[in-house]
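Enquirer: Quick one: the structure is below, questions incoming.
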Amino acid sequence: MNTHEKAEMLKKKLVAMGITTEEELDKRIQESGIDISMFVPVPKEGKKSA
């Protein structure tokens, strides 16, 4: 399966989920996203992060 075929298959899956525009896709991504800040350690004072 080439890239174009994969893209068409993904488009069909998105339409089946009710997503037909880029705005709807962005909205769904934002709604399903999680805030990872609570899982990221805060650097201690005096230490530099990588």
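The values are calculated or read from the model by the stated rules, or taken from the named source; none is laboratory data. All figures in this text were calculated on a predicted structure; none of them were measured in a lab. For neighbour counting, all protein chains shown are included, and Cβ atoms are generated from backbone atoms with ideal geometry for every residue, glycine included. Surface accessibility is based on the protein's heavy atoms, side chains included, excluding ligands, DNA and RNA. Shrake-Rupley method; radii C 1.70, N 1.55, O 1.52, S 1.80 Å.
Enquirer: Here is a list: 33, 18. Which entry is open to solvent by less than 90 Å² (accessible area, probe 1.4 Å) and at positive phi?
Expert: One residue alone meets the criteria, 18.
Enquirer: When the range 13-50 is examined, which residues are found to be among the small types (Gly, Ala, Ser) and modelled with pLDDT of 85 or more?
Expert: Residues satisfying the conditions are 16, 18, 32, 33.
Enquirer: Oh, and also: Enumerate the pairs (first residue in the range 6-21 and free of Cβ contacts under 8 Å to residues at least 40 places away in the same chain; second residue anywhere and open to solvent by 90 Å² or more (accessible area, probe 1.4 Å) and in a helix (DSSP H, G or I)) with beta-carbon separation below 7 Å, excluding pairs fewer than 6 apart on the same chain, so at least 6 apart or on different chains.
Expert: 19/28
Enquirer: Please state which one of 45, 24 is out of contact with any Phe, Trp or Tyr (no Cβ under 6 Å at 6 or more places or on another chain) and open to solvent by 90 Å² or more (accessible area, probe 1.4 Å).
Expert: When all the criteria are applied, what remains is 45.
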